[in-house]
Amino acid sequence: MMLIMMGVMFVGFYFLMIRPQQKKAKQEKNFQENLKVGTRVVLTSGLHGRIAQVQEDGFVIETLSGKLKFEKAAISREFTEARFGDKAKATEKTADKPADKKEIEEKN
């Protein structure tokens with residue numbers, strides 16, 4: 001009887017704790033792998049910026065104070081989606097096509 005209770009507890013812990021954490025880690029990794037140049041992001045430290053360069057081991061983030069290099073794990077999916085939401089996706093589309101000065105001034 002005791003073994004059955006232990007088994008039920010293990011299965012409960014798996015579905016309530018382990019599985020959601022694995023799913024969250026997988027989403028975070030996919031988010032970080034799919035980032036492109038021009039995407040606006042928020043780092044886990046709270047720093048806001050735009051991706052200027054994608055490298056194998058990290059990203060170069062352009063901020064108001066200059067360009068800084070960060071590890072891929074430093075970019076937070078939750079913070080970025082909470083702050084920019086659909087704006088980050090729209091920025092990716094505009095970064096891919098060339099824009100003239102009038103279009104940029106109209107957006108601001």
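Close Cβ contacts (under 7 Å, 6 or more residues apart or on different chains) running from residues in the range 7-35 that are surrounded by fewer than 11 Cβ atoms within 10 Å (Cβ to Cβ) to residues that are not hydroxyl-bearing (Ser, Thr, Tyr) are absent. For the range 61-89, enumerate the residues that are open to solvent by less than 40 Å² (accessible area, probe 1.4 Å) and in a strand (DSSP E or B). Residues satisfying the conditions are 61, 63, 66, 75. Taking the range 1-41, which residues are at pLDDT 90 or above and either in contact with a His (Cβ under 7 Å, 6 or more places away or on another chain) or not in a helix (DSSP H, G or I) (or both)? If the condition is that a residue be at pLDDT 90 or above and either in contact with a His (Cβ under 7 Å, 6 or more places away or on another chain) or not in a helix (DSSP H, G or I) (or both), then 36, 37, 38, 39, 40, 41 are the ones that fit. Being in a helix (DSSP H, G or I) and either of a type in the set (Asp, Glu) or at pLDDT 90 or above (or both): is that true of residue 50 here? Considered against the rule, which asks whether it is in a helix (DSSP H, G or I) and either of a type in the set (Asp, Glu) or at pLDDT 90 or above (or both), residue 50 comes out as no.
Give 58, 38, 46 a once-over and let me know the one that is small (Gly, Ala, Ser), under 14 Å from residue 74 (Cα atoms) and surrounded by 15 or more Cβ atoms within 10 Å (Cβ to Cβ).
Working: 38 fails: under 14 Å from residue 74 (Cα atoms); 46 fails: surrounded by 15 or more Cβ atoms within 10 Å (Cβ to Cβ).
After ruling out the rest, the residue left standing is 58.
The values are calculated or read from the model by the stated rules, or taken from the named source; none is laboratory data. Keep in mind that this is a model prediction, so the values were computed, not measured. Backbone-built Cβ (ideal geometry, glycine too); neighbour counts: all protein chains shown. When the accessible area is computed, the model is the full protein with side chains, heavy atoms only, and any ligands, DNA or RNA have been set aside. Shrake-Rupley method; radii C 1.70, N 1.55, O 1.52, S 1.80 Å.
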